[in-house]
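These notes concern the structure reproduced below.
Just so it is clear, none of the values below were taken in a lab; they were calculated from the coordinates. Keep in mind the model is a prediction, meaning the values are calculated, not measured. Positions of Cβ are backbone-derived with ideal geometry, glycine not excepted, and every protein chain shown enters the neighbour counts.
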Amino acid sequence: MGLCPNCHGGLVFKGDVHWDGIQFPYECAVCGAGLEYQDGKFVLVENGLCRDRNKNECRAYHLREIMETKIDFFGHMESDPELREKLKEYRSIQFPGI
């Protein structure tokens with residue numbers, strides 16, 4: 001048995017604020033469950049399964065998170081002249097085929 005009460009994974013980390021403002025005290029790196037520490041163990045918070053990557057509807061939410069952060073990241077790169085030049089340089093790299 002691992003630390004997560006949802007998937008029993010053993011990797012739990014302190015939560016950070018996500019792109020949509022959601023923050024949990026702790027999160028499971030395996031399934032994405034939101035957790036808190038009570039009485040010597042991790043327990044699910046009220047909306048702790050909203051990011052559960054084991055459920056189809058929550059995987060869709062996770063995909064939306066990836067798309068939003070990708071758009072934000074590349075939008076920033078395109079607007080910064082120095083980063084835009086680096087991006088152009090990296091996009092022009094040709095790798096030999098096998």
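With +1 on each Lys and Arg Cβ and -1 on each Asp and Glu Cβ, how big is the dipole of the chain about its Cα centre, in debye rounded to the nearest 20?
On the way: 12 positive and 16 negative charges, 80 e Å.
About 380 debye.
For residue 56 and residue 82 in one chain, what is 0.36 nm times their gap in residues minus the Cα-Cα distance, to one decimal in nm?
Numbers: separation 26, 0.36 × 26 = 9.36 nm, distance 3.98 nm.
That works out to 5.4 nm of additional length.
Calculate the spin-label point distance for residue 22 paired with residue 7, positioning each point 7 Å from the Cα along the beta-carbon direction, and give it in nanometres.
Inter-label distance under the simple model: 1.4 nm.
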